[in-house]
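S.K.: The structure under discussion is supplied below as structure tokens; questions concerning it will follow.
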Amino acid sequence: METIGFFKKWKLLFQYIKTIKKHTKDIKNYFLQNSYQTTYKIKDMNYDRVYRFYTVINLLPEIEENVKRYGYQYFDNETKKFIKELNLQFKKYGLMELVGLSRADQIGPTNILVVVEFKFLKTVKIARNLIALILLLIAGAIVLFIL
């Protein structure tokens, strides 16, 4: 397996960000248009400040009986179906190799949170480190100004 160099990871990150910004609405529209074929509804899909792509899967009310009967296994199957469709959309836009599932958690009786992020660099960690560095630089500048 070939390792990816530091600069290549950053280049891929910027490519990922550009593509996510450009095609989030297209991916969302795909799921909204095809929601009549599935057992779940997607109300919103978006990315956050560190470019994690997220959505909440809302299972239909008539499916609640299946949820009670099968429990977590049913949630897992529905999540796998959604992720398979999402991967097809990411593949369509050239993102398949750049993303990985960050988390898939049940957040309500019939709701599942799915978060997908860039898999080569942890953007949350980078953002936290940048904020800490900026705060340190500001504090240093204030100290120098006072002295």
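S.K.: Dividing the convex hull volume of the alpha carbon atoms of the stretch 6-93 by its residue count, what do you get in Å³ per residue?
M.R.: About 113 Å³ per residue, rounded to a whole number.
S.K.: Hey, of (1) 1.11; (2) 1.05; (3) 0.94, which did the structure itself give for Rg/Rh (Cα atoms, Kirkwood Rh) when calculated?
M.R.: (1)
S.K.: So, for the stretch 1-102, what is the accessible surface per residue at a probe of 1.4 Å, expressed in square angstrom?
M.R.: In whole numbers, the stretch 1-102 has 68 Å² accessible per residue.
S.K.: Got a sec to turn the phi values of the stretch 117-122 into Karplus ³J(HN,Hα) couplings, 6.51 cos²θ - 1.76 cosθ + 1.60 with θ = phi - 60°, whole Hz, x for Gly and Pro?
M.R.: Once θ is set to phi - 60°, the couplings for the stretch 117-122 become 9, 4, 8, 8, 10, 8 Hz.
S.K.: Next up: Using a 1.4 Å probe on the protein chains only, how many percent of the accessible area of the stretch 2-147 belongs to carbon and sulfur?
M.R.: 59 percent
S.K.: Also, I was wondering about something else. Rounded to a whole number, what is D in µm²/s for the stretch 85-147 from Stokes-Einstein with the Kirkwood radius over alpha-carbon pairs (10 °C, 1.306 mPa s)?
M.R.: 106 µm²/s
S.K.: Starting from the amide H of Val99, placed 1.01 Å from N in the peptide plane, find each other amide H under 5 Å away whose residue is 5 or more places distant or on another chain.
M.R.: Excluding prolines and chain starts, which carry no amide H, the hits are Lys119.
S.K.: Have a look at Ile63, Tyr30, Thr110 and report the one farthest towards the positive end of the charge dipole of the chain, computed about the Cα centre with Cβ charges (Lys/Arg +1, Asp/Glu -1).
M.R.: Tyr30
S.K.: Helix-derived [θ] at 222 nm for the chain: sum -39500 (n - 2.57) over DSSP H runs of at least 4, divide by residue count, nearest 500?
M.R.: That comes out to -18500 deg cm²/dmol.
S.K.: Going from most exposed to least, what order do Phe90, Phe120 have by accessible area with a 1.4 Å probe?
M.R.: Ranked list, largest accessible area first: Phe120, Phe90.
S.K.: Right, another one. Which GluC sites (Glu not before Pro) from the stretch 47-147 combine a DSSP loop assignment with at most 13 other Cβ atoms within 10 Å?
M.R.: The qualifying sites are Glu97.
S.K.: Related question: By Kyte-Doolittle mean hydropathy of at least 1.6 and Cα axial length of at least 24 Å, which whole DSSP H helices of the chain are selected?
M.R.: 123-146
The values are calculated or read from the model by the stated rules, or taken from the named source; none is laboratory data. For clarity, every value in this text was computed on a predicted model and none was experimentally measured. We place every Cβ from the backbone using ideal geometry, glycine too, and count neighbours over all the protein chains shown. Calculation scope for accessible area: heavy atoms of the full protein, side chains included, ligands and nucleic acids excluded. Shrake-Rupley method; radii C 1.70, N 1.55, O 1.52, S 1.80 Å.
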